[in-house]
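The values are calculated or read from the model by the stated rules, or taken from the named source; none is laboratory data. None of the values given here were measured: they were computed from a predicted structure. FYI the Cβ positions are ideal-geometry reconstructions off the backbone, even for glycines, and counts take in every protein chain you see.
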Amino acid sequence: QLVVDDIVDLTDKHFDRIFKRLTKLKHLSLWSSTRYLTAYAFRQLGYLSKLTVLKFDSNKLINDFSVRHICKQCQELQHISITDCSSITDSSMKAIGSLKQLRVLNIADCILISDLGIKSLADGICVLRLRELNLTNCMRVGDASIIQLTRRCKKLAYLKLCYLEQISEAGMELIGQMESLISIDLCGTKSCTDSGIKSLGINGRLKQVSMASCKQIGDLGLTKFTSYCSQLEELNLSFCTQLTDNAIRSMAFCCKLLTTLNVCSCGLLTDMSLQYLSGVCKYLRELDISYCQLITDKGMKYLRRNSHYLKRLFIIECKGISRLTIEKLLLKVPYVQFQYVDS
C-alpha cells in the first residue's frame, strides 16, 4: 500500500522512480497530489499490474488514452476513484467496464461523462461484481443511465446521484426497482419531490438514504416513502425545509431501527418530533438538530429520558436550548457539538 495524499509538488519524475521499483503494489492513493502530473505519469501506472485500488482526483491532464492504458495493464483493479478529472470522457467508461474484478467506481465531478458512457460501462463485464457507484455532479447523466443500471447492474448496492438535474420522477421510480440497492444518496436532486420518492423505497431493503437539500419534499412524500422502509438505519433530511412534526411521527413509527438521523435546518420541527423519536426509535445513536429554532429544553428532556443509546448529538444554533440543558446533556451523551447562541 502506498498513500501519497496531499503532496502538492509531486511530479512525473517522482513517478518514474517509484513505480518501476514497486511492481507488486496493490493500493495506491494520490488524493490532492496530482495537480502537476501529466498523462505520461499516469501511463507509468501500467507497471503496477497487481494494483487493486487506485485513487486520485482533480487532474485536468489525464485523458482517455491514459485510462485505457491503466485498465489494460491493471486487470486486477477492484476499486477506482478518479474524481474531478475534466478531460475524461465516455471513451474511458468502456475501458473501465472491461475490468472483471471491479467492485467500486467513483467518477464524481467528471463532467464530460454522459448516458453514453454509462451505457458502455453497463455493457461491460464489470457489472458482474460492481457494488458501488458514485456519479455525483456528472451533469450529463440522466434517466437513460438509470435504465441501464437497473437492467444490467444487478449487484449494485451503493449509489450516489447527487445534484443530477436530468433525472426525472420516472428515473426515481426505476431506482426503486434496483434489486440489491441498500444505500442511495440523492442530495440536491431536483426530481426528489413528493411524487418522485413515492416508489423509491419499494424494494424494502434500503438502509441508508440521503435526501439532503431536497427542498420540495413534504410530509406526504416522506410518509409514503418511509412506509416501505422498515429496515432504514441512516437518514439525512437536512435542509428539507417543508417537513413538519407529522412527517417525523410517521417516519419514527415506520423506521424503528433508525440509528442516525440528520434534520439540520428543518426549521418547522418542534419538541414533538423529539418526543416521537425518543419514544419509538430506541436504537438512535446519532442525531443532528442544528438550526432547528423551535426545539427547546423540553425536547432535550425527552432525549435524556428515553434515548439510552444516543452517542452523538449536534445542536448548533438552537436558540431554545439553554446552557443548563446542554450541561445536563454532556453528562449523559458522550459527544455533544453545540454553540451557545448568546456567546
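Points worth noting:
- Search result, residues across the range 117-135 that are buried (at least 19 other Cβ atoms within 10 Å of the Cβ) and either in a loop (DSSP other than H, G, I, E, B) or hydrophobic (A, V, I, L, M, F, W, C) (or both): 118, 121, 122, 124, 126, 127, 130, 133, 135
- Any hit, the range 118-128, residues being of a type in the set (Ser, Thr, Tyr), on the phi > 0 side of the Ramachandran plot and out of contact with any Pro (no Cβ under 9 Å at 6 or more places or on another chain): no
- Inside the range 136-176, residues that are part of a helix (DSSP H, G or I) and under 26 Å from residue 213 (Cα atoms) make up a count of 14.
- Flag if residue 127 is touching a helix residue (DSSP H, G or I) at 6+ places or on another chain (Cβ under 9 Å), farther than 19 Å from residue 152 by Cβ and either assigned by TED's automatic domain parsing to the domain that holds residue 19 or acidic (Asp, Glu) (or both): no
- Yes/no for residue 244 being in contact with a Ser or Thr (Cβ under 7 Å, 6 or more places away or on another chain) and of a type in the set (S, T, N, Q): no
- Search result, residues across the range 1-24 that are within 16 Å of residue 54 (Cα to Cα) and either assigned to a loop (DSSP other than H, G, I, E, B) or under 31 Å from the mean Cα position of the chain (by Cα) (or both): 1, 2, 3, 4, 5, 6, 22, 23, 24
- When residues of the range 161-179 are limited to those that are hydrophobic (A, V, I, L, M, F, W, C) and under 19 Å from residue 203 (Cα atoms), the one surrounded by the fewest Cβ atoms within 10 Å (Cβ to Cβ): 170
- The residue that is surrounded by the most Cβ atoms within 10 Å (Cβ to Cβ), counting only those in the range 243-284 that are part of a loop (DSSP other than H, G, I, E, B) and more than 24 Å from the chain's Cα centre (by Cα), is 269.
- For the range 212-232, filtered to residues that are closer than 23 Å to residue 291 by Cα and within 17 Å of the chain's Cα centre (by Cα), the residue that is surrounded by the fewest Cβ atoms within 10 Å (Cβ to Cβ) is 213.
- When the range 56-68 is limited to residues that are of a type outside the set (Ser, Thr, Tyr) and surrounded by fewer than 18 Cβ atoms within 10 Å (Cβ to Cβ), the one that is nearest to residue 132 (Cα to Cα) turns out to be 68.
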